[in-house]
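Below is one structure, written out as structure tokens, with a few remarks after it.
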Amino acid sequence: MSVAARRHPALTIGKYAALAFYLAFALFPLYWLLKIAITPDALIYSEGTRLFPSAVSFDNFRTVVFQTDFLAYFGNSLTVSLATAAITTLIAAAAGYAFSRFDFMGKRIIIALMLITQMFPLLMIIAPIYRIVGQLGLLNSLTSLIIVYTAFNIPFATFLMQSFFDGIPKDLEEAAMMDGCSRFQALRKVVFPLTLPGLGATLGFVFTAAWSELLFALMLISKNDAMTFPVGLLTFVSKFSVDWGQMMAAGVLALIPSCLFFIFIQRYLVQGLTSGAVKG
Amino acid sequence: MARIELRDVVKRYGAVEVLRDINLDITDGEFIVLVGPSGCGKSTLLRMIAGLEPITAGDFLIDGARMNDLRPRDRDIAMVFQSYALYPHMDVARNMGFSMEIRKDPTEERKNKVAQAAATLGLSALTDRLPKALSGGQRQRVAMGRAIIRDPRAFLFDEPLSNLDAALRVEMRLEIARLHQKLGATMIYVTHDQVEALTLADRIVVLNGGDIQQVGGPLDLYERPANKFVAQFIGSPTMNVVPVSGTEAGVTIANGKTIALPHLPDTQQAVEMGIRPEHLDVVDPGAGDLNAVADVVEHLGSDTNIYVKVDGVGPLMVRKHGNIPAKSGDRLGLRVRSEKVHIFAPDGTALRRAA
């Protein structure tokens with residue numbers, strides 16, 4: 001008999017009530033996003049805070065997709081986020097492996113420096129970054145965003161990857177080397193397959209961070225054709241009005257890649273976040 | 001198969017010397033056990049032989065060829081790890097055949113060898129399982145299978161049984177002994193368990209604090225330990241050691257009793273006497289060399305362990321074969337079998353018996 005079955009029924013109900021409350025609390029903003037997106041423009045203000053709109057319309061989505069630059073923003077965001085996630089994960093995996101397996105001069109200093117970069121607010125370095133990027137002639141280019149996002153995500157991603165590598169016993173690599181592998185072969189045949197959850201988690205983390213970043217995108221990009229999606233969202237705010245319906249519709253669409261991405265890596269992510277919890 | 005030689009091998013981590021001037025000749029087909037307390041350097045020595053740890057100074061030779069700077073893969077040595085180190089994402093067959101996969105041996109040959117090794121180790125029914133679906137003993141077998149398949153020049157074992165429960169440990173110990181008989185390969189085995197050492201080894205190397213204390217056959221170490229450390233490390237239960245003062249004819253125990261030791265010269269230097277628990281005889285009170293009170297009595301069925309407090313000397317342990325009807329609080333006499341006594345000089349070395 002399982003522990004749960006022996007519990008008092010009231011406790012079980014309480015547990016599910018708490019979960020339901022949390023779920024509602026966490027998902028309500030998303031629900032509201034969707035609700036406004038499908039409410040016809042005419043009803044947005046007149047129906048106020050009604051939970052369900054009296055009429056449903058997909059006009060907002062149609063307008064956003066066909067009559068605004070949303071698809072271009074979307075494509076830009078996808079490029080930037082995928083490139084950032086791929087480059088960051090590659091570099092972080094290499095650095096994390098080195099931190100986990102090798103002892104080298106200056107290791108502690110590099111780790112300390114990487115930690116320090118995570119300690120102060122990004123606002124402080126906006127001006128210098130802007131100047132650097134400007135002098136490199138990279139303003140209004142997606143490349144500048146990829147470089148900046150990669151630089152900012154590498155420290156955390158490296159620590160994440162390092163902890164995944166730490167979770168893979170050194171014995172396995174040594175056994176592979178005794179079995180005739182070079183270090184690189186051991187890495188490729190034994191360590192890499194075991195690190196897939198870690199790579200998935202890191203990819204997902206960096207992708208989401210880059211996907212939703214606003215501050216640097218806003219500062220480094222002013223031309224419409226290089227705007228990423230968070231900046232593009234702001235174009236729905238005009239001087240005299242906010243196009244709530246279209247903005248929310250764009251928001252809903254922007255959630256899709258993140259959702260897809262997480263569905264795709266979910267399997268690895270769950271494994272990844274729990275691996276190391278038990279010795280196996 | 002291989003002859004392995006270590007010449008003045010030293011291991012240092014920075015300023016810390018972990019192993020000092022290790023000299024060891026291992027003949028072809030010999031089963032050598034490195035034994036010692038934790039931190040004595042035995043695993044480090046094994047890893048140096050494997051090539052997983054650089055050798056600071058000295059030479060390591062296999063069949064006369066210097067191996068110091070060769071990578072592990074070029075040494076042709078197989079190793080069984082304490083943690084088994086099975087590849088979690090590969091099934092049993094692939095785990096066992098991994099070395100052949102890396103060497104790019106023909107698939108057919110690999111399959112045959114894996115099947116053969118699996119049959120030898122009783123793993124035939126499990127070859128398509130992942131390591132996580134195996135019990136500890138089965139994992140251990142797969143790890144051994146992985147080593148056997150390679151047909152290496154030498155096998156290294158790093159405490160391979162310490163993660164198993166007691167019953168399984170005995171079983172696997174037998175299996176390793178059989179494996180050695182069957183393959184006749186050179187094997188080096190690290191353990192902190194002296195029972196494993198005594199049962200498996202052709203020769204035992206006792207290490208302590210980075211030095212070799214003694215090298216010898218199991219009975220050599222039991223009967224003629226070179227010093228107090230070996231005397232107390234080898235043999236279970238541990239040898240009793242009591243302070244004595246040396247005289248011309250023998251040694252005098254703190255209770256005033258002198259034990260004549262005609263087979264030992266130079267007993268004047270003696271400061272301590274060692275006597276194994278099984279070499280003390282229980283006699284009537286007052287009749288033996290020592291008078292004692294039984295403190296705790298353990299009946300093991302085959303043996304009886306009696307922890308005694310000896311008047312004027314202190315606590316000792318006595319082990320007798322069979323069931324002795326003693327109980328806590330009983331007064332006993334103990335007779336020391338003088339021919340089994342070990343005498344130690346102030347520096348801990350044992351006095352040599354006269355030939």
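If we only count strands (runs of 3 or more DSSP E) wholly inside region B:22-81, which ones have 1 or more residues that are within 11 Å of another protein chain (Cβ to nearest Cβ)?
Numbers: elements: B:31-35, B:57-62, B:77-80.
Filter on region B:22-81 gives B:77-80.
List the residue pairs whose Cβ atoms are under 8 Å apart, where the first residue sits in region A:121-137 and is over 15 Å from A:L218 (Cα atoms), the second is assigned to a helix (DSSP H, G or I) and of a type in the set (S, T, N, Q), and the two are 6 or more positions apart or on different chains.
A:L136/A:S144
As an exercise: evaluate B:L123 against (1) buried (at least 20 other Cβ atoms within 10 Å of the Cβ); (2) at the interface with chain A (Cβ under 10 Å from one of its Cβ atoms) and give the number of the one condition it does not meet.
Here B:L123 meets the rest and fails (2).
When you go through (1) surrounded by fewer than 22 Cβ atoms within 10 Å (Cβ to Cβ); (2) within 13 Å of another protein chain (Cβ to nearest Cβ); (3) at pLDDT 90 or above; (4) closer than 22 Å to B:Q181 by Cα one by one for B:Q116, which number turns out not to apply?
(2)
Can you tell me which of (1) within 14 Å of chain B (Cβ to nearest Cβ); (2) part of a helix (DSSP H, G or I); (3) closer than 25 Å to A:T89 by Cβ is the one A:A210 doesn't meet?
Going through the list (1) within 14 Å of chain B (Cβ to nearest Cβ); (2) part of a helix (DSSP H, G or I); (3) closer than 25 Å to A:T89 by Cβ, A:A210 breaks only (1).
Under 30 Å from B:L46 (Cα atoms) and open to solvent by less than 10 Å² (accessible area, probe 1.4 Å), is that true of A:V191? Quick ask: steps written out before the conclusion?
On the way: under 30 Å from B:L46 (Cα atoms): yes; open to solvent by less than 10 Å² (accessible area, probe 1.4 Å): yes.
For A:V191, the condition - under 30 Å from B:L46 (Cα atoms) and open to solvent by less than 10 Å² (accessible area, probe 1.4 Å) - is met.
Under the condition of being surrounded by fewer than 17 Cβ atoms within 10 Å (Cβ to Cβ) and at pLDDT below 90, which residue from region B:324-338 is farthest from B:T304 (Cα to Cα)?
Restricting to residues being surrounded by fewer than 17 Cβ atoms within 10 Å (Cβ to Cβ) and at pLDDT below 90, the top hit is B:K327.
Kindly evaluate B:I176 against the criterion of being in contact with a helix residue (DSSP H, G or I) (Cβ under 9 Å, 6 or more places away or on another chain), under 20 Å from B:A201 (Cα atoms) and crowded, with 18+ Cβ neighbours inside 10 Å. Talk me through it step by step, then tell me what you get.
Values: in contact with a helix residue (DSSP H, G or I) (Cβ under 9 Å, 6 or more places away or on another chain): yes; under 20 Å from B:A201 (Cα atoms): yes; crowded, with 18+ Cβ neighbours inside 10 Å: yes.
Taking the combined requirement at face value, the residue satisfies it.
Quick grid of which residues meet (1) in a helix (DSSP H, G or I); (2) within 30 Å of B:G51 (Cα to Cα); (3) open to solvent by less than 30 Å² (accessible area, probe 1.4 Å):
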site	(1), (2), (3)
A:A94	yes, yes, no
A:Y97	yes, yes, yes
A:F104	no, yes, no
A:F120	no, no, no
A:A127	yes, no, no
A:S144	yes, no, yes
A:P155	yes, no, yes
A:L172	yes, yes, yes
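Does region B:262-269 contain at least one residue that is on the phi > 0 side of the Ramachandran plot and modelled with pLDDT of 90 or more?
No, because not a single residue in region B:262-269 is on the phi > 0 side of the Ramachandran plot and modelled with pLDDT of 90 or more.
So which residues in region A:213-234 are open to solvent by less than 10 Å² (accessible area, probe 1.4 Å) and not in a helix (DSSP H, G or I)?
Within region A:213-234, A:I221, A:T228 meet the criteria.
Output the qualifying pairs, or none if there are none: Cβ atoms under 7 angstrom, residues six or more apart or on different chains, first residue in region B:91-110 and within 10 Å of chain A (Cβ to nearest Cβ), second residue among the polar types (S, T, N, Q) and not in a loop (DSSP other than H, G, I, E, B).
Partner pairs satisfying both residue conditions: B:I102/A:Q185.
Out of region A:34-52, which residues are among the small types (G, A, S) and open to solvent by 30 Å² or more (accessible area, probe 1.4 Å)? Before you say what the answer is, go through the steps one by one.
Residues of region A:34-52 among the small types (G, A, S): A:37, A:42, A:46, A:48.
Matches in region A:34-52: A:A42, A:S46, A:G48.
Which one of these is modelled with pLDDT under 95 and closer than 17 Å to B:A78 by Cβ: B:G36, B:G41, B:G51? Step through it out loud before you land on a result.
Working: B:G36 fails: closer than 17 Å to B:A78 by Cβ; B:G41 fails: closer than 17 Å to B:A78 by Cβ.
From the options B:G36, B:G41, B:G51, the qualifying one is B:G51.
The values are calculated or read from the model by the stated rules, or taken from the named source; none is laboratory data. The structure presented is a predicted model; accordingly, all values stated were derived computationally and were not measured. Glycine gets a Cβ as well: all are built from the backbone with ideal geometry, and neighbour counts include every protein chain shown. Accessible surface is based on the protein model in full, side chains and every heavy atom, while ligands, DNA and RNA are left aside. Shrake-Rupley method; radii C 1.70, N 1.55, O 1.52, S 1.80 Å.
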